[in-house]
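Readers should treat all values here as calculations from the given coordinates under stated rules, not as data from a laboratory. Please read all numbers here as calculations on a predicted model, not as lab measurements. Cβ sites come from the backbone with ideal geometry, for glycine too, and all protein chains shown count toward neighbours.
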Amino acid sequence: MQRTERRSLWHLTVAAGLAPGRFMEDAQGRVGVAALAAGAIGPSLEKLRGQSVLVACGRPLAFVQALLRLDGVAARIVICPPDLAPAFLPAVIAEARADAIMTDGAAPAAHPAAGLPVLACHVAPELAVKHPLPADQDRGAETEWILFTSGTSGRPKLVVHTLSSLTGPLDDGPAASKDAVWSTFYDVRRYGGMQILLRALVGGGSMVLSQAGEAAAAFLGRAGAGGVTHMSGTPSHWRRALMSAAADQISPRYVRLSGEIADQAILNNLAAAFPAAAIAHAFASTEAGVAFEIGDGLAGFPAALIGRPGSKAELRVKNGSLHIRSARTASRYLGGGDLKDAEGFVDTGDMVALRGGRYHFAGRREGVINVGGQKVHPEEVEAVINQQPGVRMAQVRAQPSPITGSLVVADIVLEPSAGPESLADIKAAILAACRAALPAHKVPALLRAVTSLDIAESGKLARRYA
Amino acid sequence: MTIRSTIMELVVEIAQQHGKKLAPLSDNLPLLDSGLDSLCIAVLVAWLDERLGLDPFAADGDASLPVTLGDFIRLYENATD
């Protein structure tokens, strides 16, 4: 087999062109891609060669700068999301065998007590750009890119990608033209945001990055002023955008949804709001990568996508769950545990149901509820409810919501001794306990008293997903 | 009780429950500037479905998402026609 020379993110970005108009912007300002490329060269990087480097930056552009520096030099780039709880940091450092931390000093994870060397990473000032750029150092290493699974109740899992697995999906969707200005509601340190960042860097375009804590209207204003042409987010991101008075600030020609179920209503709403835009919904996860992108304006995906060995992403439905095999999937979990089955398929845990020649998504197998992009495990809510006097058992489940995709609701079986007159008091006590113990998105929006709950043959509560 | 007064009552109750400070409510106020976040609005829609039996978003998937409080109230008032 012929071995092709590995091209680093820095090489791909520079090869796409460093025209003066090419820029990256976050809430703190705008910088030329040429300046980012120039700021990614330096002999000081040599001491990180072959090392595992944890990148914890508050500013998204400082993170982009770190990526350009480290890919092809470091053995491993550990991509900390901005909301990583500092309490998880020691375990992350141990699992990733981190040798050093690169930070702009503004992230919660910037100052661990681990005693690791800390390297500064700031966005290069424009004045530092020299033309032509000095010869770059060796960037031949096959760097591992470590991404975090999105917020579950426990510590996130660390997922191993490479530049190659992450750029695999760049052939999908519209060809990345050099005049494209990309943007995403996702943080670029999440898989969904990373996909857009790589399209901008490798495709030769520009990008307006969102930043944690920025109001939706302010971000949309920046996106509009930056002339954004291609924009992505979850259905919940887009619903919030359409409900903000600032949605008319943007006029994208490509609108992409991923990360949650795209229902027909949000597809129709986006088509009405942006009549000139191509609207596509993609299926992707941190582990499985991008499986497909659907552009026909209809929810779900054609059954014809299943099977098709040899396609870029091979799909299979097994026990109701979508399985994916492709070169775009992650290779493994850093902490162990099976990411793929014996045949190389990733089980997404996303349940699908066939209706009228299309598969439609029907929720998570484990019953995990996605409230506006934040995951809720029913069991943690049930545990709080079950402690309340008068409650025999509770089942927490998802109820569809046109605003957040899903909401948490609970069915309650009361103790026989609890008379109907005490129902209101018990409900009030349950809600008070949930509010004290859980963040707002995990508190049931509705409580319903039922006479019984289904128990599966396993002896566990029967969890339905359709 | 009118649909409008039911909505206003629930808005105040949800804001209290979620510890949100409400802006002075008027028909021209963008919902997301009212003090309620997306989660609060999702809860409001679920409560209205339970209280009034109305879900204007469910019908055909073509209801446009409301921007102002007035848009929101009209959506529910029109759903009874």
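What to note about this one:
- With contacts taken as Cα pairs under 8 Å and at least 6 residues apart, the range A:369-449 reaches a relative contact order of 34 percent.
- Here is how the number arises for chain A: DSSP H runs of 4 or more residues each give -39500 (n - 2.57), the sum is divided by the residue count, and the result at 222 nm is -6000 deg cm²/dmol.
- For the pair A:A94 and A:D179, label points projected 7 Å from Cα toward Cβ lie 5.5 nm apart.
- In this structure the amide hydrogen of A:G344, modeled in the peptide plane, comes within under 5 Å of no amide hydrogen from residues 5 or more places off or on another chain.
- Rg/Rh for the range A:369-449 stands at 0.98; both radii use Cα atoms, and Rh follows the Kirkwood definition.
- P(r) weight above 19 Å for the range A:1-54, C-alpha pairs, percent: 46 percent
- Assigned charges on the beta-carbon of Lys, Arg, Asp, Glu; the range A:312-466 dipole about Cα centre (debye): 700 debye
- Taken along the Cα-to-beta-carbon direction at a fixed 7 Å, the label points for A:K312 and A:E379 span 3.7 nm.
- 5 angstrom amide H check on A:R392, placed H, neighbours 5+ away: A:V413, A:L414, A:E415
- At full extension, A:A15 and A:A436 could sit 146.2 nm farther apart than now, given 0.36 nm per residue minus the alpha carbon distance.
- Based on the Kirkwood approach, the hydrodynamic radius assigned to the protein assembly as shown is 24.9 Å, with every pair of different Cα atoms included.
- Given charges at beta-carbon only (K, R positive; D, E negative), |dipole| of the protein assembly as shown in Debye: 1280 debye
- Once the Cα atoms are used to define both axes, helix B:38-52 deviates from the longest principal axis of chain B by about 50 degrees.
- Those lysines that a straight Cα-Cα span of less than 29 Å connects to A:K47, excepting residues fewer than 8 apart in one chain: A:K130, A:K157
- A simple count of charges around A:I369, restricted to other residues whose Cβ falls under 9 Å of its Cβ and scoring Lys, Arg +1 and Asp, Glu -1, yields +4.
- P(r) for the range B:1-44, from all Cα pairs and a bin width of 10 Å, is 28, 62, 10 %, short bins first.
- Summarising the strand pairing of chain A, around 55 percent of its internal DSSP beta bridges are antiparallel.
- Normalising the average separation of contacting C-alpha pairs (under 8 angstrom, six or more residues apart) by the number of residues puts the relative contact order of the range B:3-79 at 37 percent.
- Summarising the amide proton neighbourhood of A:M102: residues at separation of 5 or more, or on other chains, whose placed amide H is nearer than 5 Å comprise A:L54, A:V55, A:A56, A:L119.
- In terms of its C-alpha gyration tensor, the range A:313-391 has an oblate overall shape, because the principal axis ratio a/c (a ≥ b ≥ c, square roots of the eigenvalues) is not below 1.5 and a/b does not outweigh b/c.
- Legend: calculated FRET efficiency, A:E5 to A:D83, from the Cβ-Cβ distance at R0 = 51 Å, rounded to 0.05, equals 0.85.
- Overall, the range B:3-79 carries a charge dipole of about 280 debye about its Cα centre when +1 sits on the Cβ of Lys and Arg and -1 on the Cβ of Asp and Glu, all other atoms neutral.
- Over the C-alpha atoms of chain B, the Rg to Rh ratio, Rh being the Kirkwood estimate, stands at 0.93.
- Averaged over the residues of peptide B:33-41, the number of Cβ atoms from other protein chains lying within 10 Å of each residue's Cβ is 5.
- Cβ-Cβ distance of A:D341 and A:A272, R₀ of 25 Å, FRET efficiency by 1/(1 + (r/R0)^6): the value works out to about 0.05.
- Once the Cβ-Cβ distance of A:S331 and A:D138 is raised to the sixth power relative to R0 = 22 Å, the FRET efficiency obtained is 0.40.
- Kirkwood Rh in Å, taken over all unlike Cα pairs in the range A:188-301: 14.3 Å
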